[in-house]
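The values are calculated or read from the model by the stated rules, or taken from the named source; none is laboratory data. Small disclaimer: the values here were computed from a predicted structure and weren't measured. Reconstructed Cβ throughout: ideal geometry from the backbone, glycine too, with neighbour counts over all protein chains shown.
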Amino acid sequence: GVADGMASSPTMDRNNGQVRLGVVGCGQIALSIHLKILANLPEVRVSALAEADEPRRMRALEIAPGATALADYRELLSRDDVDAVVLALPTGLHAEAAMAARVRHRAADPEAGQKPQHHERGQRVGGERQERQSAERDANR
């Protein structure tokens with residue numbers, strides 16, 4: 001499951017092995033795909049949502065009713081009930097939010113920056129995606 005690729009932490013242990021996720025960005029894809037999948041994974045609990053647009057934020061709460069809804073992702077990153085973050089923002093906004101999440105993670109766990117940990121499935125999917133993109137570029141030449 002999702003938690004298999006993550007190192008166990010005291011935080012996860014206190015939460016019955018559940019990863020408490022914060023979701024940053026509640027646009028159409030997050031509402032129609034990401035949140036619905038996450039809400040149905042037993043090893044995941046969506047604990048916080050960040051979305052600047054209030055109507056989208058309220059729709060996201062309907063899918064993840066136990067979550068805390070916030071307008072600013074920086075507030076989500078400062079919460080103690082968020083173990084990991086899903087960035088579901090438009091591509092142009094990923095870098096700033098990812099850097100803020102990384103800074104928060106490194107502050108909470110000084111050893112985090114020393115040895116990156118990746119979920120095997122994520123590595124495999126990323127590799128397949130890169131191979132597919134390369135094949136598509138070659139086909140279009």
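Taking the conditions exactly as written (acidic (D, E), at pLDDT below 90 and out of contact with any strand residue (DSSP E or B) (no Cβ under 8 Å at 6 or more places or on another chain)), does E120 satisfy them or not?
When the stated conditions are applied, E120 passes them.
Within the range 1-47, which residues are at pLDDT below 90 and of a type in the set (S, T, N, Q)?
S8, S9, T11, N15, N16
Considering the range 48-95 alone, what residues qualify as being over 10 Å from G25 (Cα atoms), part of a helix (DSSP H, G or I) and of a type in the set (K, R)?
R59, R74
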